[in-house]
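Student: Pasting in a structure now, in structure tokens, and then I'll have a few things to ask.
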């Protein structure tokens, strides 16, 4: 599954009478899971060192007198392991009875209910009663850090979270304190759990002890609809699940992808959906007149802030707004030629959108041999701080905070954008540009002053964006856009790994996706016959752009695929591999 | 009962391990040297090849004195001969099994005997670093051991080129800090590595991968103290003491209701009755015996009809109990067994490290039920329930701490059931439900 | 202001770490050193330990709370450990603990208001033939009768009761 294509030494074992080739260095538990033989377990996690404390995965082995924990049992040639028998059934009942005696059984108010391994295993493997009639122990409930909350009474001390903080995150902010059945997870007084991926402890908590604060008492998990997607907060592009209910994103969770993010995602990405549900989301098409005082052909545009033209825009709709775009572009092209156009893409667009936008630019601006083409550029946010875990795997927080810069390099650089951004700025300020189309889609984006001011002086500024801000304020035609949770498309991460983003929700209000928008304009211009799905557009793109050849939504699947020839980064050993040395 | 070879004449027995205990300055190097100290180690290091030492120890039949009784020479032979990793010896001086106080005597009164045993072991196994892990509470033992180590370094018995051979050895005293589980050999290793005293998953066993993930021998203090004598007096002599399966002298710790509690060195196999009546002067007030714990509180209780059990590994095993650390706790016939069992339950609950589910949850559960029974709120089904919980605790954990509660508890439930049933039926705390009403150093 | 070891203690620490192939192994002895230097192990002491050892404070926190024999900041100047395990219990350690608590006027596990004395139960001190046994700092009190208990408390500044009889023999105390 995750292992690179190396020869794995295997031995022959039997599990429940079925013969299996078991990798020598892999616990029997993992081999069973890989072969569809389910063994319940809590403390075992494939990315962490083996602790062997929960005892839930006890099974029997032909070469051991006592029951063995399959998570810490490595296969012996010819050995037979039994995971389904009366004896094993009894063992599981025993462990579950013990696990529940001090558990508060407060499932009705527990956010884990519905995806809780304690519930699940009790239902599948447990007994329907308990003989425990004594008083239960009490352990603390507290916030461990800004993002993580602990409900100590529900903790089964499997220590996944402690091992995660030590082996993966690296700061070891968590410990088990006290002893015996007073054992409880805690932080050192005054040093809270604040590493950049702290929320992962909630993902790996098999019970209802740890939660990401953002999700506490928010939704019952069994109501959630889950969509596999890709995070948009940096160039790592973590594989995620977008969980929604009643038209709102409730949470993002990392999805295991050994080539991208292992099991993890960062705390910033985890709440990276928030802007998509913001009350001030742009959701209405608006069209205003071309900017007065700087109408076509009247010389140099004035630099410096100008009145945002928003007040002059009037509500419109998809069709009328598109007609306005077409009409204005047509006029500018006729009066000034292709050199009066500027098209500014964004490193937050999907590759399909980039592919269409590039084509749309040619269509709207036209081309006159010997004359300058449109000015082009791309918006991206500045680098943030990079972060890598202490050991292990593919996961990192990329300093590049744009989800698709790599895709932009592959689709737009050279072909569409051939000059540095400063040339775009010069041309925007020259007064020669009469029609600029800026695709934003970047939350909290603050464009550089020159860019912003130049836009304010251009007669026709089409802005496609998600949130109001300096860009939308300067638009003469405003086209609301879909956020990453509302659209289908492919994003290429910093290491050249293409993954599919899927719409989990419809865009707000009347908003149509950019994919629809661009295609509809192309259709009106007679450039294409019909509006395709993202999958269809991707197929066109794959046929045209070499790097994507032979890939399709089908081959990308849930985990994506490499689309660059860049040398793949050496895969670091995961926590356990590293621990083995 | 299987055929058990007769122990040697216990009355004619001359102690060796405790020979100098009580003598003035017995803990000093001068004293030790003036009584033939380090002769054995010198001879072994100069004249024996390491393999020959291991062979000799195997032949002597020396079994681990810490509790499990594992053959010492065999344990050493599991350490890989060819390895590029360093090897370690950890001497288990974390004596904390209730009713056990034998190693304390050696550490405090004859530490050089232990150091000599350590020298022999390290020569045999090819070890250059040894640690003595001593209980944090035993401040005097730690002091005496440190002083003895300093003396040995000064004399050249530790350090580089010991006895003129290519043999280096460093010994360090490492104090624990109050955790019974650190007496479990892998819990001890975790603690020595600077962590919580969590027992480690086995395999790998310490001999292959122990301290700092290197091959490690873990031996009890008394085990190591036996070694100089084996090489001073010979294997034949050694095997002439004790039984065929349990050769050698043994330190028995007798406490509780006996007239002369203390540490007594006797041959393995001495009958329990002889130990209690002849050695320890019988029961105060000539009262009868209700029960005896023969091997530290982890050992199943014996009833008054089992006093002829030989105090050997095999003898006690046949009697359904174990020699363990040979901590003999005698309970006279005024003792309330439920209180005694509750005390044992509290101990294991308090000392469970909390790693494994069955132990973490089971020990506390058992204690809670026993407490309830003790408080006069027992139910008739509680006896079977505790027995069943104990069954659930046995054999499912990383170490045997949960077994160490389950085994004695089950023995009491089985052997003294009518008494417990009577207590439950009374439904109120009996006057007997206290182990003693006064602090009673003298009984 | 972060804490520092005294030069002598620092020297001892520097020697300690040479005794182990891994620095973290010096954790327990380092905590002893800090306990001795600062009278107890409080959060600042744990931080200092973490800094010296090169691990996270949380790790030290987990270690310190695992063990029962380190003096904690909540403990009094003198901790009276009363062995409560079976051999001592058979000889009246429960009653002894009650007696001590009664005399000092605190409950088991509590500390006097002047922070002089804490009384705690401790598990088997391996002096079972001398039961019942107490340990006060580095002194073992053996065969502790009520009279002996009074003597012990007197050494901690609690005057004897008028009614108390003659003290028991002095050899039954080791320091």
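Student: Which value in deg cm²/dmol, rounded to the nearest 500, describes the helix-derived mean residue ellipticity at 222 nm for the protein assembly as shown, given -39,500 (n - 2.57) per DSSP H run of n ≥ 4 and division by the residue count?
Tutor: Values: 39 runs with 384 residues, N = 1199.
Dividing the helical sum by the residues of the protein assembly as shown leaves -9500 deg cm²/dmol.
Student: So what is the relative contact order of chain A, in percent, for Cα pairs below 8 Å that sit 6 or more residues apart?
Tutor: 13 percent
Student: For B:28, A:388, B:121, what's the fewest-to-most ordering of other Cβ within 10 Å of each Cβ?
Tutor: A:388, B:28, B:121
Student: Bin all alpha-carbon pair distances of chain B at 10 Å intervals from 0 and give each bin's fraction as a whole percent.
Tutor: The calculated distribution, bin by bin, is 4, 21, 31, 26, 13, 4, 1, 0.
Student: Still on this model: Given Cα positions, please report Rg to Rh for the range A:476-572, the hydrodynamic radius being the Kirkwood one.
Tutor: Here the Rg-to-Rh quotient is 1.03.
Student: Additional query: Run a plain Debye calculation on the range A:97-171 (Cα atoms as equal point scatterers, no solvent) and give log10 I(q)/I(0) at q = 0.15 Å⁻¹, rounded to two decimals, same order as the q list.
Tutor: -0.63
Student: Checking the a/c ratio against 1.5 first, then a/b against b/c, what shape does the Cα gyration tensor give for the range C:7-66? The partial results should precede the final answer.
Tutor: Details: a/c = 1.87, a/b = 1.17, b/c = 1.59.
Oblate.
Student: To the nearest 10 degrees, how steeply does helix A:534-544 sit against the main Cα axis of chain A, on a 0 to 90 scale?
Tutor: 70 degrees
Student: Moving to a separate point now. Which whole-number percentage describes the relative contact order of the range A:54-204, with Cα contacts under 8 Å and a sequence gap of 6 or more?
Tutor: Answer for the range A:54-204 is 16 percent.
Student: Could you give the angle, 0 to 90 degrees to the nearest 10, between helix A:514-524's Cα long axis and the longest principal axis of the Cα atoms of chain A?
Tutor: 40 degrees
Student: Let me check against my output: what whole-number percent is the relative contact order of chain C, with C-alpha pairs under 8 Å and at least 6 apart?
Tutor: Reported as a whole number, the value is 16 percent.
Student: Past the 19 angstrom mark, what percentage of all C-alpha to C-alpha distances in the range C:78-174 do you count? Don't jump to the answer; show the numbers that get you there.
Tutor: Details: 1547 of 4656 pairs.
Tail of P(r) above 19 Å: 33 percent of Cα pairs.
Student: Moving on. For B:174, B:112, A:45, what ranking results if the residue with the fewest other Cβ atoms within 10 Å of its Cβ goes first? Intermediate values should be presented prior to the final figure.
Tutor: Values: B:174 24, B:112 30, A:45 21.
Ordered from fewest to most neighbouring Cβ atoms within 10 Å, B:174, B:112, A:45 come out as A:45, B:174, B:112.
Student: At q = 0.14, 0.16, 0.18, 0.19 Å⁻¹, what is the log10 ratio I(q)/I(0) for the range A:147-215, with the Debye formula run over Cα points and no solvent?
Tutor: Taken in order of the listed q values, log10 I(q)/I(0) reads -0.35, -0.47, -0.60, -0.67.
Student: With the Cα gyration tensor of the range B:337-435 in hand, give its eigenvalues times 5 under a square root as the equivalent ellipsoid semi-axes, listed largest first in whole angstrom.
Tutor: Its equivalent ellipsoid spans semi-axes of 23, 13, 11 Å.
Student: Could you tell me which of rounded, prolate or oblate describes the range A:107-277, using a ≥ b ≥ c as the square roots of the eigenvalues of the alpha-carbon gyration tensor, with rounded for a/c under 1.5 and, failing that, prolate when a/b is larger than b/c and oblate otherwise? Present the calculation step by step, with values, prior to reporting the outcome.
Tutor: Values: a/c = 1.92, a/b = 1.30, b/c = 1.47.
Because a/c hits 1.5 or more and a/b fails to exceed b/c, the range A:107-277 counts as oblate.
Student: May I ask you to sort A:467, B:115, B:342 by Cβ crowding, counting other Cβ atoms within 10 Å and putting the fewest first?
Tutor: Going from least to most buried by this count: A:467, B:342, B:115.
Student: Given axes a ≥ b ≥ c from the Cα gyration tensor, I'd like to know whether the protein assembly as shown is rounded (a/c under 1.5), prolate (a/b larger than b/c) or oblate. Let's see the in-between values first.
Tutor: Working: a/c = 2.56, a/b = 2.40, b/c = 1.06.
Prolate, since a/c reaches 1.5 and a/b exceeds b/c.
Readers should treat all values here as calculations from the given coordinates under stated rules, not as data from a laboratory. It should be emphasised that the depicted structure is a prediction, and the values quoted were computed from it without experimental measurement. So basically every Cβ, Gly included, is an ideal-geometry build from the backbone, and we count neighbours across all protein chains shown.
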